[in-house]
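Report on one structure; see the data block that follows.
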Amino acid sequence: MQNKKYKMSFTAGTLLHKESVTITELYLELMDWKLTMEQAISSNILQARTTSSAKRISSETINRLKCLNDDELELLSMGDYQEQLEIVWLGICRYYPFIKDFAVEVIREKISTFSTKLNHEDFDVFFNIKLQWHEELEGIAETTRHKLRQVLFKMLVEANFLNKDYSILLS
């Protein structure tokens, strides 16, 4: 069984909820991702301080949003806050299989065993297991690994899946 290569570039931004909604609304007007990217940067709709930041954040957001279908994008644009968070999370999981696998293999297991506390060791164990099957993880420095963990946990907090103490929210 061939494993899909993990993209590990998710440190470019955390959940990017507000940015995702803003870019989705622009896309739904234009119905063209290339034009959406160009206009997002030229009009600085994300209010980035520099053009390079606007490009980086727009690109990261659009890559995630491209993984959603039109109905999901409509819900992201028109849904309530919690629905928006869930749709943004869905896009992240589709774009980053590493994050999806972490959610399915670690968080789901925690919930099924009534263990609601997520900790850094959970990430480290998961990463080490995946390291055996994904050679693209081998070159990741320890500092980058810490940053990946930090960003993933922050995404989970921003998505309302964890509280600030990293307890899983079950509601």
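The values are calculated or read from the model by the stated rules, or taken from the named source; none is laboratory data. On a predicted model such as this, the values are computed, not experimentally measured, just so you know. Reconstructed Cβ throughout: ideal geometry from the backbone, glycine too, with neighbour counts over all protein chains shown. Keep in mind that these areas ignore ligands, DNA and RNA; they rest on the heavy atoms of the full protein, side chains included. Shrake-Rupley method; radii C 1.70, N 1.55, O 1.52, S 1.80 Å.
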With +1 at each Lys and Arg Cβ and -1 at each Asp and Glu Cβ, the charge dipole magnitude of the chain around its Cα centre, to the nearest 20 debye, comes out at 540
Stretched fully, the stretch from Ser167 through Glu83 gains (0.36 nm per residue minus C-alpha distance, one decimal, in nm) 28.2 nm
Rounded to whole Å, √(5λ) for the Cα gyration tensor eigenvalues of region 28-74, largest first, gives 20, 11, 8
Between Thr113 and Lys66, Cβ-based FRET efficiency (R0 45 Å, step 0.05) works out to 0.80
The percentage of the accessible area of the chain (probe 1.4 Å, all protein chains present) made up of carbon and sulfur atoms, to the nearest whole number, is 51
Taking a ≥ b ≥ c as the square roots of the eigenvalues of the Cα gyration tensor, with a/c under 1.5 meaning rounded and otherwise prolate when a/b exceeds b/c and oblate if not, region 35-127 is prolate
The correct ranking of Met31, Met78 by accessible area at 1.4 Å, largest first, is Met78, Met31
Given 10 °C, 1.306 mPa s and a Kirkwood radius over Cα pairs, the Stokes-Einstein diffusion coefficient of region 1-52 in µm²/s is 123
Over the chain, with neighbouring protein chains present, the accessible area per residue in Å² at probe 1.4 Å is 56
Hits in region 63-93: amide N under 11 Å from the 7 Å Cα→Cβ extension of Trp33, namely 63-69
Per residue, the convex hull enclosing the alpha carbons of region 74-171 has a volume in Å³ of 106
For the chain, inverting the pair-averaged 1/r of distinct alpha-carbon atoms gives a Kirkwood value in Å of 17.0
